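Please read the structure below before turning to the comments.
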Amino acid sequence: MRRKLMDGGRTMAVGNLWEPVSGVFWATAPSILDGSRWIADLNGSSFFITVFGALVGAFAGAWAAQRSAKNGKRRDELATEIRVVNAGIILSHAIFESVLSAQVEYIGPAKDRYEAERDKYLKALESPPVSGEILINFNLQRFPELPTPVDQLQPLILQQGSTPALRAIVALVESSGLLHEAINLRNVYLDKFERKEIPPGFSYPDVYFGLAAKDGHHQHFSSVVAAISLYGDDVVYYSRRLCEHLSQHGKILKKELKKISGEPVGIVEFNFVEVDKKGLCPPQENYKGWEGGYVEEHQRHRWWRWWCK
């Protein structure tokens, strides 16, 4: 096929040109650019296999490296948090054991004797003895300082991810502080009793038992006796719940760590069956308001979100 081209007013004869492809005239057949036939021709090409394999390998290597780095970072985070959880369980159980022992050994018995002596004194007032003298056994025993390491425990709990455990530590810190304050106040009143510092208008039994007198009620000491027992129960309950929440959270962390790494790890767990059988712990019914004040909802993850991870 012959064509004529115009070049500055001159006519040139050009022979056997192909139709323009993308605005360019080719002197030979555009076999490479003609459609997509060239792609099919590369299917068995060693060059194509080499390049494509290199690209796939590079992508897979980058993805594997990124995933390995991500898993390594998460593994370190989980291992650190598990150590924190185990330390928190040990400290919270130490508080539980310390205060529970105090409740059983001297706080509870002292409260029982106090109430028994108070009832005995009131009955004696109603029916005085023949001698006219009422004998009272005043318990002036001092309570020792309780080892409750909440200052060391609190920063540990803030480093882990269990919200119920955070609630428990807040309640534990508050009740532990109130317990120590009540014990110290009781010791202050014991000092006053030993020095016979009785407010005007009141007798010794009036102040000790918190009884009504002509000048009113002086119930400071009787309130302190009740408060020590109450706050002691609170510390026992919240320290136990903290142990349980941390153990549950630790098991979740352990399960996740097992998926990432085969590294063996253990979660500290204490058994409360015996103390429950003996009825030493305060019943959960007394803390329904606190237990029901928070409900944790877990959002379900869609399959496509898991696939994108």
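Results, tabulated for the structure shown:
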| quantity | calculated |
| --- | --- |
| Residue 229 being within 30 Å of residue 193 (Cβ to Cβ), open to solvent by 50 Å² or more (accessible area, probe 1.4 Å) and in a helix (DSSP H, G or I) | no |
| Long-range neighbours under 8 Å by Cβ, at least six apart or interchain, first residue open to solvent by 10 Å² or more (accessible area, probe 1.4 Å) within the stretch 78-101, second of a type in the set (Phe, Trp, Tyr) | 93/270 |
| The listed residue being at pLDDT 90 or above and either surrounded by fewer than 10 Cβ atoms within 10 Å (Cβ to Cβ) or among the hydroxyl-bearing types (Ser, Thr, Tyr) (or both), out of 274, 296 | 274 |
| Residues satisfying the stated conditions in the stretch 186-197, i.e. open to solvent by 80 Å² or more (accessible area, probe 1.4 Å) and touching a residue at least 24 places away in the same chain (Cβ under 8 Å) | 194 |
| Positions within the stretch 249-271 being in contact (Cβ under 8 Å) with a residue 24 or more places away in the chain, open to solvent by 70 Å² or more (accessible area, probe 1.4 Å) and in a helix (DSSP H, G or I), in sequence order | 254 |
| Matching option when the condition is more than 30 Å from residue 257 (Cα to Cα), of a type in the set (D, E, K, R) and outside any helix (DSSP H, G or I), among 145, 115 | 145 |
| Filtered residues of the stretch 171-208 (kept if outside any helix (DSSP H, G or I) and of a type in the set (Phe, Trp, Tyr)) | 202 |
| Pick from the stretch 209-224, criterion in a helix (DSSP H, G or I) and open to solvent by less than 20 Å² (accessible area, probe 1.4 Å), ranking: farthest from residue 185 (Cα to Cα) | 209 |
| Failed item, numbered, when residue 159 is tested on (1) open to solvent by less than 80 Å² (accessible area, probe 1.4 Å); (2) touching a residue at least 60 places away in the same chain (Cβ under 8 Å); (3) not in a helix (DSSP H, G or I) | (1) |
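The values are calculated or read from the model by the stated rules, or taken from the named source; none is laboratory data. As the structure is a computational prediction, the values presented were derived from the model and not from experiment. All Cβ positions, glycine included, derive from the backbone under ideal geometry; neighbour counts span all protein chains shown. These area figures cover heavy atoms from the full protein model, side chains too; ligands, DNA and RNA do not enter into them. Shrake-Rupley method; radii C 1.70, N 1.55, O 1.52, S 1.80 Å.
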